[in-house]
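Read-outs throughout are calculated quantities, based only on the coordinates presented, and are distinct from any laboratory measurement. Keep in mind the model is a prediction, meaning the values are calculated, not measured. Glycine also receives a Cβ, built like all others from the backbone with ideal geometry; neighbour counts cover every protein chain displayed.
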Amino acid sequence: MRVPTVMRKAARIETRLAMLAALSAGCAPPAAVPPGDAAPAAVSGDALPAAGTSAARVTLTAPVGATPRLDAVLDDGAAARRVTTGDLRATADVPAPHTAWLATASRGTLRVRVTLGGAAGALGADSLALPLAPGWLWSVEALVHRPAPGIPAPPCFGCAAETRTPLRADASRGIAAGDVLLLRAARVPAPGQAPLPPT
């Protein structure tokens, strides 16, 4: 059948992109979770929203040993949804800790504000404004990038928006001086749609 084949291909493409981004950044899901934080739970996979439903999710990617707290607010103009580290989990198709798909309005603008926290408060924050349309799915990644000489920031395949914010160092959370929050968003093919063209 055509629809399941397209959905499987889209899931494989998204998995490969997430793995490539993690490898090129030297990143992996946090190896340990400090006391007081919920550990990402592993589940088999993410159910895509029903056809025609607009939704978004947030992914946190960080270098090994870095465990910033995530606090994100997704506001579509009709309602605001807050997600934290405790809402993250890893799946077979997306190994980096991420939220489930969260339904959004199908018109207007989705404003996503992400704050990374440490022992003494916020380490850095940034936001994106994303257009909404029926059936659009947005994958928002909060990537902690650790610059290294001669190694560029990991590519952002299919990104429609990207910001870069310096982070305050926090040894207890594994955040080093010079670390940067890359907040970026890419559209994911909706169920029954062919993969989006490269940008």
**OP:** Could you list which residues have their amide H under 5 Å from that of Ala160, counting only those 5 or more apart in sequence or on another chain, with H placed in the peptide plane?
**Re:** Ala185, Ala186, Arg187
Original post:
Quick one: if you stick a label point 7 Å off each Cα along the C-beta vector at Ala160 and Ala176, how many nm between them?
Top reply: 3.5
Original post:
Between Ile151 and Arg82, what is the FRET efficiency for a Förster distance of 30 Å, r being their Cβ-Cβ separation, to the nearest 0.05?
Top reply: 0.30
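Is there a quick way to get the dipole size of region 134-192? I mean about its Cα centre, with the Cβ of Lys and Arg at +1 and of Asp and Glu at -1; what is the value in debye to the nearest 20? Provide the component values of the computation, followed by the final result.
On the way: 6 positive and 4 negative charges, 6 e Å.
With Lys and Arg at +1 and Asp and Glu at -1, about 20 debye.
Output the relative contact order of region 45-97, whole-number percent, from Cα pairs under 8 angstrom with separation of 6+ residues.
Contact order relative to length: 37 percent.
On full extension of the chain, what length is gained from Thr109 through Val64, given 0.36 nm per residue of separation minus the C-alpha to C-alpha distance? Numbers along the way, then the final one.
On the way: separation 45, 0.36 × 45 = 16.20 nm, distance 3.38 nm.
The Thr109-Val64 span can extend by a further 12.8 nm.
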**OP:** Would you kindly derive the ³J(HN,Hα) couplings of region 51-57 from the backbone phi angles with the Karplus curve 6.51 cos²θ - 1.76 cosθ + 1.60 (θ = phi - 60°), listing them in order in whole Hz, with x for Gly and Pro?
**Re:** 3, x, 8, 8, 7, 8, 9
**OP:** For region 42-199, give the magnitude of the charge dipole about the Cα centre (Cβ charges: +1 Lys/Arg, -1 Asp/Glu; no others), in debye to the nearest 20.
**Re:** 160
Subject >> Extension gain from Ala120 to Val73, taking 0.36 nm per residue of separation minus the Cα-Cα distance >> reply: 14.9 nm
